[in-house]
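Below is one structure, written out as structure tokens; comments come after it.
The values are calculated or read from the model by the stated rules, or taken from the named source; none is laboratory data. This structure is a prediction, so every number in the text was calculated from the model and none was measured. When we count neighbours, we look across all protein chains shown, and the Cβ atoms used for this are built from the backbone with ideal geometry, even at glycine.
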Amino acid sequence: MPVADKDIMDAVAQDVDPRLLDRAREEYPVLRNVDVDYKYSPKQDIEKYGRLEFFPSDEPGSPERPRPKEFPVGRPLVEVYDPKTRPIDILGDIASHYMIEQDPRVQGYYNQFQKSLLPGQYDRLRGQYQFAQKNFGEDRPYEDWYERTGLPGYFRGYPFQQWPEEFNEMAYTPEQRQLLDEMMQYFRTGE
């Protein structure tokens, strides 16, 4: 990494990073009761790494993206790679990979959302899986990908502002958007 780039990344890490999880907890009070570890690991190739990664407590990671050694298996971890990561991005990964199993209310929203999926939405997920196979070397069986990546990603797209609004208009039914808006109210207020 060139010295100037390293200096910029170091400045971002010092100025932005230390409080990102805290800022997420300030904006979304429900996160105050979620006990997760946090690490900032700025990367140059965000296209390869993405903005962040959530490691469930039992997951060592993959060979391409291993769990950081200083955070042993046993506790959930959020590792942030992109200095442009927002508090809502942190919330999205924690909600879709952890709270869907740990928070009964979020689990309810997740289950309702999954039950509401229409045939065309399942087709969209199949297309995303095929794209991931072709472009990112996805080699898990579809069912594993769907459970760990596909459905959580679809669940996150609209409420956590990860997909463009025009796409959200066609990718989600009005009822699904209403359900997910209700969930976001819960995250903002705890009620």
(message) One residue is enough: does segment 80-92 have a residue meeting the conditions surrounded by fewer than 19 Cβ atoms within 10 Å (Cβ to Cβ), of a type in the set (Asp, Glu) and within 18 Å of the chain's Cα centre (by Cα)?
(response) yes
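Consider Tyr122 carefully, then state whether it is in a helix (DSSP H, G or I), modelled with pLDDT of 95 or more and under 18 Å from the mean Cα position of the chain (by Cα).
The answer is no for Tyr122.
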(request) Can you work out which of the residues in segment 134-153 that are at pLDDT 95 or above and farther than 19 Å from Phe55 by Cβ is farthest from the chain's Cα centre (by Cα)? (result) Pro141
